[in-house]
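K.L.:
First, the structure itself, so that you have it in front of you.
FYI, it's all coordinate maths here, none of it is from the lab. Owing to the predicted nature of the structure, the values given are computational and were not obtained by experimental measurement. For neighbour counting, all protein chains shown are included, and Cβ atoms are generated from backbone atoms with ideal geometry for every residue, glycine included.
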């Protein structure tokens, strides 16, 4: 953080002395909310919920971000390291199956310090790193042995689209390196009695007109990770925030576009993971999931 390189942008600002880089994060972590979350994938939420902590700010600038008040407008409040640790313990005491760090990239050092404090207070549930997929390889290596489950997005295989919609012209290269490191650390998702304990679960949001480049993403997962990798192919895209400035993404996806993505994944050989029921395309609400991609 003295010369910040926590994400691939490597802004180089001194956050220890108040410097602010692209993500707009300062020295102390900012938290928007925390609660038991029941809208994650079934083995993550389970029956008692995922102990989700939503961090403020982001290293991406997705024009269609559904959480833009948090990620881009700074909604949230600063918390101390000790308070962050207490939040983890509180969520565990509520019975949550895991602690789920949402958009944690720019707060890795603070999270690690808080985890150390929480461990001393009895934290023993799995830790989930829930991110946009735009990660620094060097930062991820520090997390080896600490994080139990990774839940990265793979947003784009086309860097032109990544530049246009998320201000990340090197997204695909960065995400591939990062996700290979995540997979090397934790492997395929391990689910015991319906609850995930360790491994990687990749999320892919289908965009209008296949602007995300789904096929190349599935090829990467099968060829460089494993055909058994759990992939959640999401149908929940809807235009919000700045998306209406871009006519090509100013609409929801169609049923046909979603089914085409599912068919490609199945033909490529992906067998584990989740797809959403088609009703979720037509209205914004908590997703419903099928059990796997084999159906």
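K.L.:
Can you tell me the FRET efficiency between residue 215 and residue 38 if r is taken as the Cβ-Cβ distance and R0 is 30 Å, rounded to the nearest 0.05?
P.N.:
0.40
K.L.:
Tell me, how many Å apart are the Cα centres for segment 47-93 and for segment 98-175?
P.N.:
Their Cα centres are 13 Å away from one another.
K.L.:
Residue separation times 0.36 nm, minus the C-alpha to C-alpha distance between residue 78 and residue 116: what's the value?
P.N.:
11.8 nm
K.L.:
Continuing with this model, one more query. With the crude spin-label approximation of a point 7 Å out along Cα→Cβ, what separation in nm comes out for residue 93 versus residue 256?
P.N.:
Reported label-point gap for residue 93 and residue 256 is 5.5 nm.
K.L.:
Just the number, please: percent antiparallel of the DSSP beta bridges in segment 15-282, rounded to the nearest 5.
P.N.:
30 percent
K.L.:
What list do you get for 240, 4, 11, 58 if you sort them by fewest beta carbons within 10 Å?
P.N.:
So the residues, fewest neighbours to most, are 240, 11, 4, 58.
K.L.:
Give the order of 23, 116 when sorted by the count of other beta carbons within 10 angstrom, beginning with the fewest.
P.N.:
Ascending Cβ contact count within 10 Å gives the list 116, 23.
K.L.:
Give me 226, 250 ranked fewest to most by other Cβ atoms within 10 Å of their Cβ, as a rough exposure proxy.
P.N.:
Neighbour counts put them in this order, fewest first: 250, 226.
K.L.:
Next question, about the same structure. Take residue 184 and residue 238, extend 7 Å from each Cα along the Cα→Cβ direction, and tell me the distance between the two endpoints in nm.
P.N.:
Simple spin-label model gives 4.1 nm for this pair.
K.L.:
Just to be sure I understand: with springs between alpha-carbon atoms less than 10 Å apart, which residue in 264, 99, 221 has the highest mean-square fluctuation in the Gaussian network model of the chain?
P.N.:
Evaluated over the chain, the most mobile residue of the options is 264.
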